[in-house]
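Visitor: Take a look at this one; I'll ask things after.
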Amino acid sequence: MGIKDVTILGGGLCGLTTAWKLQEAGVQTRVLEAQPEVGGLAKSLFWKGFRFDVGPHLFMPREALLLDEIKALMGGSYQVPVRQSRLWFKGRWINYPLTTRSLVDIPWPILLQATAEFASLQMRYRLQGEQGREHLAQGKARYGTLLDQLLLSEQTHPIWQEDSAFLSPSWSTQNTPLPPSNGGIASLLREAFRPPTPYTQSLHFPSEGIGSIAKRLQSRILQSGGIIHTNARVQRILIPHGEVSAVVFDDGQRVQHVPTEYVFSTIPLPSLFPLLDPLPNHALLEQMARLRHRSLLMLRLIVQQEKADTQRWFYFPAKQYPFFRASFAQPLSSSTLPKDRACLSVECIFPEDHPLLRAPAEEILQRCLPGLQEAQLVVPHQILEATVHREAFAFPDPDLAQEENLRPLQAFITGTRRLRAIGMHSSFRSWSLEQTFREALRAARAILDEKNPRRPTKIRSALPPPASP
């Protein structure tokens, strides 16, 4: 008894990791990916002798076991570069993560605002007794945390739904003990700007690009007997009597009708619901149509520039800029490229109906150029070529109204036997790579527990055991 055959819609990291663990444990898996290559949003592209990493650039695990799992997967291609970020804030660069040296670069009004909020929070928590001391011990009133939010929240909150920094590793999220209360303000400041921990100092990244994770997962799945179809267009998911029975898809050569015992979907819900046969009721389809996503647009520029800082990311947290991040692409081989050539990738996130998503590269360049010039990343006459890469359905765009539309959709999927939506598109929240891997491991574990309800699960998981009721 138990599940022996699983079909996974979407060959992103969540779907591939789930397939990897299931196949490793003896469950036959089939991955259907609509694009020519696996990877989803986390992939590496190549253009004019440079490599671009699309989507998440870093893997920043807090759990050592999860990190070890991915390092073992990647083998010798895994590396831990010490790579920093810089924030362009009110006409100046600020190194990130923040340290005490950042005080020299941060504008005085921001420092004064953070200082006032820091003093107010310290006083408030100290007056709350034991509960307040617990909040202080959890780092909820750290000076650096307040600065972090003031510098970054203007842009990161609407994009990532996070109050503190999420786009790059921030020590402000570390839960570190507060120094003794009698240490004075100097001691508090020293604690607030203690050197970054190894977690925030080490930005885990495959040496062959973020796309190499998907390639390695693909190789493991195929080696263990799994099946991966690329350019596969799913046409129908048959759910007679409220239970999955088969998937119909076009692999580019013929239409296949494949019986399956279970379907995991990692694709956006607006793409999933029209595939269900029979279709959900009209009210659910209307709610599905109201869900909104954000699209990722990458402007890529070949520039005549001898020295390019390929070891940093450049962030632009102010809303006045149409882009939020820029970075110089890695050259594939310096011997085949002119020494004075560099490639700058400029990333924008727009609502799915934003007019710039359909604009030509020249128009997008004109919108981005003033900010890039201001930050001294490019000079107009040095730009030799420009092109655009677009990713639709890159990130969910939740708000309170959409959450109301989301609940009945999730309830319908939950009520359909042997169908489950996983990944950030099912939760409708932007996720880190760590959360993606964790969700995939949970999904695989659920299937294996159903397969062997009376025996321990075979999966080697980095997740802690479930808490006792």
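Visitor: Grab the other residues whose beta carbon is less than 13 angstrom from that of A392, score K and R as +1, D and E as -1, and report the net. Present the calculation step by step, with values, prior to reporting the outcome.
Guide: Values: positive: R292, R294, R358, R390; negative: E352, D353, E391, D397.
In short, 0.
Visitor: Can you work out ³J(HN,Hα) from phi for every residue in the stretch 313-318, in order, using Karplus 6.51 cos²θ - 1.76 cosθ + 1.60 and θ = phi - 60°, giving whole Hz and x for Gly and Pro?
Guide: Ordered by residue, 3J(HN,Hα) equals 10, 10, 10, 10, x, 6 Hz.
Visitor: List the residues, sorted by chain then number, that are 5 or more residues from A42 or on another chain and whose placed amide H is less than 5 Å from its amide H.
Guide: Residues meeting the criterion, in which the H sits 1.01 Å from N, are L13.
Visitor: Now for a different question. In the stretch 250-284, whose amide N lies under 15 Å from the spot 7 Å out along Cα-to-Cβ of L222? List them in ranges.
Guide: No residues fall inside that zone.
Visitor: Grab the alpha carbons of the stretch 308-405, take their convex hull, and tell me the volume per residue in Å³.
Guide: Details: hull volume 13.4 nm³, N = 98.
Cα convex hull per residue, to the nearest whole number: 137 Å³.
Visitor: Would you grab the residues whose amide H sits under 5 Å from the one on L98? Only those 5+ places off in sequence or on another chain, please, with H modelled 1.01 Å from N.
Guide: For L98, the qualifying residues are W171.
Visitor: Would you mind pulling out the separation of the Cα centroids of the stretch 1-75 and the stretch 290-340, in Å?
Guide: 24
Visitor: List the residues, sorted by chain then number, that are 5 or more residues from R325 or on another chain and whose placed amide H is less than 5 Å from its amide H.
Guide: Amide H neighbours of R325: F316, E347.
Visitor: Continuing with the same structure: Give me a comma-separated list of calculated 3J(HN,Hα) values for the stretch 352-364, in order, Karplus coefficients 6.51, -1.76, 1.60 applied at θ = phi - 60°, integers in Hz, x for any Gly or Pro.
Guide: 5, 9, 5, x, 5, 5, 10, 7, x, 4, 5, 5, 5
Visitor: Using the alpha-carbon centroid of each, what span in Å lies between the stretch 368-393 and the stretch 83-133?
Guide: 31
Visitor: What FRET efficiency comes out for E374 versus Q113 if R0 is 25 angstrom and r is the Cβ-Cβ distance? Round to the nearest 0.05.
Guide: Values: r = 24 Å, r/R0 = 0.94.
So the FRET efficiency works out to roughly 0.60.
Visitor: Quick one: net charge of R92's neighbours, Cβ under 14 Å, K/R +1, D/E -1? Mind showing how you got there, number by number?
Guide: Working: positive: R86, K90, R101; negative: D105, E374.
Surrounding charge for R92 is +1.
We did not get these values from a lab; they are worked out from the coordinates using the rules stated. Model, not experiment: these values are computed from the prediction. Heads up, the Cβs are rebuilt from the backbone with ideal geometry, glycines too, and the neighbour counts pull from every protein chain shown.
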